[in-house]
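Worksheet: the structure to be examined is printed underneath.
The values are calculated or read from the model by the stated rules, or taken from the named source; none is laboratory data. Every value quoted in this text rests on a predicted model; they were computed, and no experiment measured them. Cβ atoms come from the backbone with ideal geometry, glycine included; neighbour counts cover every protein chain shown. Surface areas here come from the heavy atoms of the whole protein model, side chains and all, with no ligands, DNA or RNA. Shrake-Rupley method; radii C 1.70, N 1.55, O 1.52, S 1.80 Å.
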Amino acid sequence: MSPVIDNLFNALVAVLNWDSILGMVGGTILGVVLSAVPGISATMAIALAIPFTYGMAPLVALGLLAGIHNGASQGGAIPAVLLNIPGTPGSICTAWDGYPLARQGKAGAAIQLAAVSSAVGGMISAVSLMLLAPPLATISLAFGPPEIFWVIVVGLASIAAMLGDDMLKGLIAAGFGLLIGTVGLDNVTGGERFTFGVLELVNGIPELAVMVGMFTLPPAWELVQQFTGAGHPSNIKIEHTAGVWRVSQVWKVWIKSSIIGIVNGILPGSAISAFLAYNEAKRASKTPELFGHGSIEGLAAAESVNNADNAAAMIPTLTLGVPGSNIAALMLGALLIQGFQPGPQLFTDAPIIVYGYSWQMFITSALLILFGGVLANRLFGNILRIPPVMLLPLIICIMVAGSFAAENSMFDVYLAFFFGLVGFAMLHFKFPIAPVIIGVVLGSKAEFNLRVSLLLSGGDPSILYSGPICMVLIAATILLLSYPAISHWRAKRRRLAGGSSPLAS
Amino acid sequence: MDAPETSSGAASEAPARPSQDIISSLVVLAFSITVFFIAGDLPVQSQIFPRAVAVLMVICGGLMLIRALLAQRAASAAIAAGAAAVMRTPMVAPLKTGLIILYSLLYVAAVGQLGFVISSIIFIFVTAHTFGFRKPVALVLTPIGFVGCVYFLFERVLHTPLPTSPFFGWM
C-alpha cells in the first residue's frame, strides 16, 4: 500500500480514541455555540481556545481546535437565519436567504440545511487536504533556504495585498509583525535584540500574547457599540418543517461551492469565496429571482463554501508553513506551541499528527449535521438572549485566564493587553491585523532562512535569485504587489469605456 | 470560513480620512526610523533583517504620507468649491469605548494584585451594572457562577494555575 494510505489508516486509528473524540465533540459544540453569539467570531473563538491546549496531548488539542474551527464557521448561520444578524462575517450571504426562509415559517429547515451544507463543504475540504497536501509536501522538499525565504515573502505579500483595501497599510502591518518577531535572542548569534534590559523579553514576545490580544480585545471592546442592556430575543420559533428542501435540489450547488471554497482556501490571502459561490449559484440557478428572498440554493451555496475553505487553507500552512488566513495563522501558532514545525518535514516526522488532523477536520465537519441542527433547535433561542453587556467582561476574563495559563506569567497578560490596545488603534486607523500576526509567526523563520542562505553563499546575495523556483516566487511576489494597482487601472478603464458608450445611461 | 472580519481589517469599512492617514504615517515613520537607529547598535549580522524591514516600512510610510497629503489637498479643493461636504467618521460611542478600555486596564492591574477570582467577579459585576444590566439575581449569580466554572476548568481539569491573591492561597 502507498505510504499515504498507510498513514491515513494509522492516523484514523489514532484519532478514534476517547480523548480525541471528546476533544472533537467538545470543540464542535463549543465552536457552534460561541459563534452563534453575535460579536464572537471564529478567529476570536480559536484565539481564546489555544491557551487551553497547552497541557493537552497533540491530537486532543488539534481535535478541539478542528471542532471549534468547523463549528464556528457554521454557527454564525444561526443568528443569521433567526435574527438577520450574521454571527460571523462568513454568514452575511447566509442571512440573505436564511432570514426570509425563517420569516416564511421554515426556520428549522433553514438551520438544518445550513448545518448539512456546512458539513458537506467541510468534508469535501478535508478530503482535499488529505489528497493535495502530501504531493505538495513532496514538491516542497525541493525547497532550500532561499526558496523557503521567498515562499514566506509571497505569503506575506499576498496577505498584505489581498486582505483589505490598502496594500501599503497591509505591508506596514506585516513589517510591524516581522519586527515584533525580532525581539529577544537572535536565533543565529544568540545575542539579545530590542529587550531593553527586560528579562521577560529575552525569550522574545510570545506569539500567543500577540494573537490573543489583537484578535480578542479589539472586537470585544467593539461590542460596547451594541450595549443596550438587553439580548437579542428572537420571535421566530424553530420547528422542523419536512419537505422544504431535498438533496437533489442542492447537491450540484454543494459541489461547485465547495470547489470555490477549496481554491480560495489554498490561495493565501484570498477571502471573497462566500460572494463568489453565491453569485455562481445564482448564475447557474433556474430560479435566480428567488435569491435574496428565501432561495434554498442560495443558502446551500453560502453555507457550504463557508466550511469548504477551512481544511483547504491548512494545505499551504502544513506543507509550506505559510498560513493563508487568520485562522490558519492561529493554527500554525497552535502547532508550534505543541512542538511541531509545519513544513514538508512534518509529513515524514509526524505523519500521524498531520493526517490525524485531516481526519479530525473531516469528522468534526460530519458532526455539524448533529450539533448544528439539533443543538440549534434546543438551545439557541436562549443563547441569543445573552446581552453583549454581560458577554464582554466574560470574554476578557477568559482572555486573561488563557494568557496567564501559557507561562504562568502576568507579564504575558500585560503584553496581551498592550497588543490589544495597539490592535484597537490599528483598527481605528484602518490598518489590518492579520498581516501582523502572520509576520510575528513567520518572521523568525524568514530571517533564519535568509541568513542561512547568505551563509551558504558566503555573503553573495545572488543565491536569492539564481534558482528557477526563486525566480518564480519573486515573480509571484511582484505580481501580488502589483495586483491592487492593476485592479484599480482595469476598473478605471471599464468605467471610462462604460461612460463613452453611446448606450450608457 | 475565515473571511476578513471587521475587527481584523475588513474591506467593507469606510476608508480612513486623509488626516487619519497623515497621523498614522507620521507614527509609522517615527517608529521605523527609531528602530533603524536602535538596530545600529547591534552586531552587523543581527541588524540586517530589522534594518531591512525598517527601511521597507519607511518607504511605505513615506508613500502613505504623500498619498494622504495629496488626498487632503484634493478634498480641501473640493470642499472649497462646494463639491463635497466635510468628511467626518467619528468613533461610535467614544465615551463607552473609553470607559470599557479603562475598566479592562484596571481589571488587569487588579488581577496582578488581588488574584483572578476576586478581580474577575468584581469586574464582571461592575461592568455589567455600569452599562445598563439591571437584573439583580443574574448580576450577582453570573459573575460568581462563571468565574467558578473557569476556576474549576483551569485548576481542577487542566491543572493550570490562575493568578492568586495575597489574601487566599487558593484563589
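Things worth noting here:
- Single condition B:Val92 does not satisfy, out of (1) modelled with pLDDT under 85; (2) at the interface with chain A (Cβ under 9 Å from one of its Cβ atoms); (3) open to solvent by less than 70 Å² (accessible area, probe 1.4 Å): (3)
- Residues within segment A:167-204 that are touching a strand residue (DSSP E or B) at 6+ places or on another chain (Cβ under 7 Å) and of a type in the set (A, V, I, L, M, F, W, C), tallied: 4
- Inclusion of A:Val212 among residues that are in a helix (DSSP H, G or I) and touching a Phe, Trp or Tyr at 6+ places or on another chain (Cβ under 8 Å) is not warranted.
- Hits in segment B:108-117 - residues which are in contact with a Ser or Thr (Cβ under 6 Å, 6 or more places away or on another chain) and open to solvent by 10 Å² or more (accessible area, probe 1.4 Å): B:Ala110, B:Leu114
- Residue that is open to solvent by 10 Å² or more (accessible area, probe 1.4 Å), in contact (Cβ under 8 Å) with a residue 60 or more places away in the chain and hydrophobic (A, V, I, L, M, F, W, C), where the choices are A:Leu336, A:Leu330, A:Leu318: A:Leu336
- Inter-residue pairs, beta-carbon under 9 Å, first more than 7 Å from chain A (Cβ to nearest Cβ) and in segment B:50-63, second crowded, with 16+ Cβ neighbours inside 10 Å and outside any helix (DSSP H, G or I), 6+ apart: B:Arg51/B:Leu42
- Matching residues, segment A:287-310, being modelled with pLDDT under 90, more than 14 Å from chain B (Cβ to nearest Cβ) and at negative phi: A:Thr287, A:Pro288, A:Glu289, A:Leu290, A:Phe291, A:His293
- Residue within segment A:96-111 that is part of a helix (DSSP H, G or I) and free of Cβ contacts under 8 Å to residues at least 60 places away in the same chain present: yes
- Looking across segment A:52-94, the residues that are among the aliphatic types (A, V, I, L, M) and under 13 Å from A:Asn306 (Cα atoms) come down to A:Ala72, A:Ala77, A:Ile92.
- Scanning segment A:412-435 for residues being farther than 22 Å from A:Val202 by Cβ, aliphatic (A, V, I, L, M) and at pLDDT 90 or above gives a total of 3.
- Some residue of segment A:152-160 being free of Cβ contacts under 8 Å to residues at least 24 places away in the same chain, open to solvent by 20 Å² or more (accessible area, probe 1.4 Å) and either within 30 Å of B:Arg67 (Cβ to Cβ) or outside any helix (DSSP H, G or I) (or both): no
- Hits in segment A:94-127 (condition: open to solvent by 10 Å² or more (accessible area, probe 1.4 Å) and over 25 Å from A:Glu289 (Cβ atoms)): A:Val120, A:Met123, A:Ile124, A:Val127
- Subset of segment A:182-193 [facing chain B (nearest Cβ under 7 Å) and assigned to a loop (DSSP other than H, G, I, E, B)]: A:Thr182, A:Asp186, A:Val188, A:Thr189, A:Gly191
- Where helices (runs of 4 or more DSSP H) sit wholly within segment A:385-488, those with at least 2 residues that are among the aromatic types (Phe, Trp, Tyr) and open to solvent by less than 40 Å² (accessible area, probe 1.4 Å) occupy A:410-428.
- Single condition A:Gly443 does not satisfy, out of (1) over 28 Å from the mean Cα position of the chain (by Cα); (2) closer than 23 Å to B:Gln47 by Cβ: (1)
- Each residue in segment A:11-48 was checked for being open to solvent by 10 Å² or more (accessible area, probe 1.4 Å), in a helix (DSSP H, G or I) and at pLDDT below 90, and 5 pass.
- Cross-chain or 6+ apart pairs with Cβ under 6 Å, segment B:124-153 first and under 20 Å from A:Ala405 (Cβ atoms) and facing chain A (nearest Cβ under 8 Å), then among the polar types (S, T, N, Q) and surrounded by fewer than 20 Cβ atoms within 10 Å (Cβ to Cβ): none
- Residue match in segment A:167-181 (condition: within 14 Å of chain B (Cβ to nearest Cβ), touching a helix residue (DSSP H, G or I) at 6+ places or on another chain (Cβ under 9 Å) and more than 14 Å from A:Gly439 (Cα to Cα)): yes
- In segment A:222-259, the residues that are within 13 Å of chain B (Cβ to nearest Cβ), at pLDDT 60 or above and open to solvent by 40 Å² or more (accessible area, probe 1.4 Å): A:Glu222, A:Gln225, A:Gln226
- All conditions in (1) within 14 Å of chain B (Cβ to nearest Cβ); (2) at pLDDT below 85; (3) open to solvent by 10 Å² or more (accessible area, probe 1.4 Å) hold for A:Ser91, with the sole exception of (3).
- Residue pairs whose Cβ atoms lie under 8 Å apart, sitting 6 or more positions apart in sequence or on different chains, and linking a residue in segment A:197-219 that is more than 13 Å from chain B (Cβ to nearest Cβ) and within 17 Å of A:Gly439 (Cα to Cα) to a partner that is β-branched (Val, Ile, Thr) and open to solvent by 30 Å² or more (accessible area, probe 1.4 Å), are A:Leu208/A:Ile337.
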